[in-house]
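Following: one structure in C-alpha cells, then a few remarks.
The values are calculated or read from the model by the stated rules, or taken from the named source; none is laboratory data. The structure displayed is predicted, hence computed values, not measured ones. Cβ sites come from the backbone with ideal geometry, for glycine too, and all protein chains shown count toward neighbours.
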Amino acid sequence: MAKVEAGGVVFDVDAVAFDKDGTLIDLDAAWGPAALAWVMTAASGDPALEETLANQLGLDLGTGHLVGGGLFAVGTVGQLHETTLRALTEHGAGATDAGASSDRAREMSALAGEKGNLVALGDVAGTFRSLHEAGFRLAIVSSDDRSAIDSAIEALGVGPMLDAVVAGDEGLDAKPAPAALTEAARRLGVEPIRLLYVGDSWVDAEAAKAAGVAGVVLVGEQPPSTSLLATVVVPGVDSLHVV
C-alpha cells in the first residue's frame, strides 16, 4: 500500500482529510470582503463597535486581513453569529435589535462573499489527483457551511476525487473538538488512526490530536507555539507526495 510523505515524514494511512480555508484556498481572498461586510453591517456606522467586533471576530480593520486563529479564520458561521449577538447586547442593543443586526450582517457577508476570489494555495487539484489515484480516500473537513464548501470544491476541480465532506453547519461540535474529524473517519470507512489531517491552524492540530488521527500536517507559516502541535509543517498541500 502506498504511503504519504510530507516534509520528510512518512505516514502509513488509508485516508487524508483537508481543512478548506487557509489550507486549500487563500483565506483573505475568500473571506476578506465577507468579513469586512459582516463587521460594518453589524456595527451600523459606530466606530467603537466596529473596533470591538473586528477584535472579537478576528479582522484587522487596517489591512482587511483576517487574524490567524480568529473566529473569521477558524470559527463556524454559528459562532460568528453568537459572538456578534453578545457584542451588540454588551454595547447596549436590545435582544431583538441585536438579532436583526446580526442577521443582516450574515446576509450582507454572504453577498460580499460571492464576490470573493477562490484562489488555490498551490497545486491542490494535482495533489488530490495523485492521492486519489494511489488509492487514498479523501475528505474535506471545514468549519464553513456546506454551500461555501461546495463552491470551493467546484472552483478547485476536486469533486471527482472526494469521498466525503463534513461541514460546519451540520450541528457537530466545532474544531478544536474532535467531532468533525471523527465523523469524517466514519464516512470514509476508516479508523481515526488510519486518517491523516491537513490544516493550517492550531484548532486543526488540536482537533486532530483529540480525534486520535495518525498525524497532522500544518501548511504555511506557523508561530512556534502552533508548530509544536503539528507532526510536521510544510509550505503547502502540494508538499504531500505519494511514496
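Structure summary
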read-out	value
Matching residues in region 165-178 - criterion: being over 17 Å from residue 21 (Cα atoms) and either touching a Pro at 6+ places or on another chain (Cβ under 8 Å) or in contact (Cβ under 8 Å) with a residue 12 or more places away in the chain (or both)	170, 177, 178
Scan of region 45-71 for residues that are under 15 Å from the mean Cα position of the chain (by Cα) and within 16 Å of residue 30 (Cβ to Cβ), ordered by number	57, 58, 66, 67, 68, 70, 71
Matching residues, region 45-72, being assigned to a helix (DSSP H, G or I) and under 9 Å from residue 35 (Cβ atoms)	54, 57, 72
Looking only at region 168-188, and only at residues there that are modelled with pLDDT under 95 and in contact with a strand residue (DSSP E or B) (Cβ under 9 Å, 6 or more places away or on another chain), the one that is surrounded by the fewest Cβ atoms within 10 Å (Cβ to Cβ)	172
Hits in region 192-233 - residues which are of a type in the set (S, T, N, Q) and not in a helix (DSSP H, G or I)	201, 222, 231
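Okay, residues lined up against (1) part of a helix (DSSP H, G or I); (2) free of Cβ contacts under 8 Å to residues at least 24 places away in the same chain; (3) touching a helix residue (DSSP H, G or I) at 6+ places or on another chain (Cβ under 8 Å):
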site	(1), (2), (3)
16	no, no, yes
29	yes, no, no
78	yes, no, no
88	yes, no, yes
93	no, yes, yes
97	yes, yes, yes
